[in-house]
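Values quoted throughout were computed directly from the atomic coordinates according to the rules given, and no laboratory measurement underlies them. If you're wondering where the values come from, they're calculated on a predicted model, not measured in any experiment. Neighbour counts run over all protein chains shown; Cβ positions are idealised from the backbone, glycine included.
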């Protein structure tokens, strides 16, 4: 098991629950429906990839290899870029700063990191036997 990925998944999961509760209760009265939907998308993808990161950590015990290490890294990068950019974009929408909407352009890079993470996970578990990781 890759303990670092598992610990990161636990912390990021707790943060996802806290952010989800904030979005469901406090945020709805403060910002537009578009901003709430943007925020909720960030929380949802963060939470999905908490499970992906935890799964990667567990699979590492049986298939320790560089592909699984990169899968975990890409999932973390994706959470930061995808969900993080949507959280920042929510703030931008809330304070009505149209000049800062370019922050949304970061989101697809997070999505790409998620895709790379899933592909690395596939390759990593397709490897035969347990190997030393990088």
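Ranked from highest to lowest mean number of other Cβ atoms within 10 Å per residue, what is the order of the peptides 47-58, 102-113, 21-32?
Result, highest mean first: 47-58, 102-113, 21-32.
With runs of 4+ DSSP H residues as the only contributors, calculate the mean residue ellipticity of the chain at 222 nm using -39,500 (n - 2.57) per run, divided by the residue total and rounded to the nearest 500.
Calculated at 222 nm, the ellipticity per residue is -25000 deg cm²/dmol.
Would you mind checking the tilt of helix 84-94 against the longest principal axis of the Cα atoms of the chain, expressed as 0 to 90 degrees and rounded to 10?
Helix 84-94 and the main axis of the chain meet at about 0 degrees.
Starting from the 7 Å offset along Cα-to-Cβ, what nm value, one decimal, do you get for the label separation of residue 1 and residue 34?
In this crude label model, residue 1 to residue 34 measures out at 4.5 nm.
Per-residue counts of other Cβ atoms within 10 Å, averaged by peptide: what ranking do you get for 59-66, 36-43, highest first?
Highest to lowest by the protection proxy: 36-43, 59-66.
How high is the relative contact order of the chain, in percent, with contacts defined as C-alpha pairs under 8 Å that are six or more residues apart?
The value is 31 percent.
Work out how much length residue 119 to residue 11 would gain on full extension: take 0.36 nm times their residue separation and subtract the Cα-Cα distance, in nm to one decimal.
36.5 nm
If one takes the longest principal axis of the Cα atoms in the chain, at what angle in degrees, from 0 to 90 and to the nearest 10, does the Cα axis of helix 3-25 lie?
20 degrees
Taking neighbour Cβ counts within 10 Å as the exposure measure, how do 76, 123 sort from fewest upward?
Least crowded to most crowded, the residues run 123, 76.
Could I get the Rg over Rh figure for the stretch 3-126? Both from C-alpha atoms, Rh via Kirkwood, rounded to two places.
1.05
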